[in-house]
Amino acid sequence: MNAGRIDIAGLDGGLDLQATIESGQSYLWRRPDGNMYDGDQQRGGDAWYETVVRIDDGEIRLDAGDPVVVRVRQDDGFLRWESTTDAEWIVRSLLRLDDDLPAIRAATPDDELLQRAYDRYWGLRLVADPPFGTLISFICSAQMRVSRIHEMQVALAETFGDTVTAGGRSYPVFPTPEQLAAATESQLRDLGLGYRAPYVQRTAEMVASGDAHPDTARDLPYEDAREDLTQFVGVGEKVADCVLLFALEFLEAVPLDTWIQTTIDEYYPDCDRGNYAETSRAIRERLGGEYAGYAQTYVFHYLRNEE
DNA sequence: TAGATACCTTATAG
DNA sequence: ACTATAAGGTATC
């Protein structure tokens, strides 16, 4: 295994690894100590987190390429990493370590709720996850608790994905589009996916056949990109916004979920315009525009943990 | 085009 | 013990 460490003092705004990984924006990491979402900040503070991505022509993916194991741990002022390859660039990319958090926060409105959330979880970063895994995991997220969404992704990897061995341990790999497309609805229901089972299978089939790919949204203007992603089965406007924000680097995207809807009702009632598109524009503007997605992620994590 | 309803499964509240 | 409700919504009518 390769290994290295990144000096957190050298990052603009530092890092809160646990908040970043366990804030419900990524479901593609695992904690080998088995305590994801245990709500215990102390225990998670120096836990190892592991993921497997694929590297294809220098890009971090899950739909093609060679599997690479990546482990990270925040400890004593450093982000330590271990990997089957020289992975510092992968770690920097996945965890958006080059984002300038103070600059992003400076572009955020001086709003009491936003500042409280930023203060409480300062160092939380958005992620830049592989698009295919993000697409599937957020299709699974509909009407689901965060911990169960994560369990589903683990089950999908263990049931349909490859396995790689590193350092004497084996790691399940998130399934490729082909592997998921070959799954039957019944198999997926057996994993507890419920009505999401056919959505996952059919979307995987769309990607595997080449009929559509989440990456095509990357080159479109924000609202067109959101519309483009809704062509996938099981993907509405909210899930599309999640893929844009957590995988395709649209930092202005604000997924309108139940938590944000409650936030709008309580703190920004004038932003409720009665439909997704218009409410989205209004709350996006209220949260600072360009980095509204950052503010959304802080607020989501803050409200979910403090109330 | 806007509004209502069904949908899998599990955990938690009452 | 047992029922109602809600969980990072979407598809369909």
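Some observations on this one:
- Packing-based exposure ordering (other Cβ within 10 Å, fewest first) of A:SER209, A:SER83: A:SER209, A:SER83
- For the stretch A:136-173, trypsin sites (Lys or Arg not before Pro) meeting the loop criterion (DSSP other than H, G, I, E, B) and having at most 11 other Cβ atoms within 10 Å: A:ARG145.
- Dipole magnitude of the stretch A:1-89 about its Cα centre (Cβ charges: Lys, Arg +1; Asp, Glu -1), debye to nearest 20: 220 debye
- Sorted fewest first by neighbouring Cβ atoms within 10 angstrom, A:CYS271, A:CYS242 come out as A:CYS271, A:CYS242.
- You can think of it this way: the chain between A:ASP57 and A:ASP12 has 13.3 nm of extra reach, that is 0.36 nm per residue less the Cα-Cα gap.
- Basic side chains Lys and Arg get +1 at the Cβ, acidic Asp and Glu get -1 at the Cβ, and with that the dipole of chain A about its Cα centre reaches some 760 debye.
- Simple label model, 7 Å out from Cα along Cβ direction - A:SER209 to A:ARG5, nm: 5.2 nm
- Summarising the label geometry, the points placed 7 Å from Cα in the beta-carbon direction at A:TYR195 and A:VAL164 lie 3.7 nm from one another.
- Farthest toward the positive end of the dipole of the stretch A:50-200, out of A:LEU135, A:ALA155, A:GLN74, is the Cα of A:ALA155, where the dipole comes from beta carbon charges about the Cα centre.
- Charge-dipole axis of chain A as Lys and Arg at +1 and Asp and Glu at -1 on Cβ define it, positive-most pick from A:GLY168, A:ALA107, A:VAL91: A:GLY168
- Structural descriptor for chain A: relative contact order 18 percent, calculated from alpha carbon pairs under 8 angstrom and at least 6 residues apart.
- If R0 is taken as 22 Å, the Cβ-Cβ distance between A:GLU306 and A:ASP110 corresponds to a FRET efficiency of 0.65.
- For chain A, calculated [θ]222 nm from helices alone, where every DSSP H run of n ≥ 4 adds -39500 (n - 2.57): -12500 deg cm²/dmol
- Gained length - A:ARG148 relative to A:ASP98, 0.36 nm times residue gap less alpha-carbon distance: 14.9 nm
- Radius, Kirkwood style, for chain A when every pair of distinct Cα atoms is counted (Å): 19.6 Å
Read-outs: derived from the displayed coordinates by stated rules, not from any lab. What you are looking at is a predicted structure, and each value in this text was computed from that prediction instead of being measured. Counting neighbours? That spans all protein chains shown, and the Cβs are built from the backbone with ideal geometry, glycine included.
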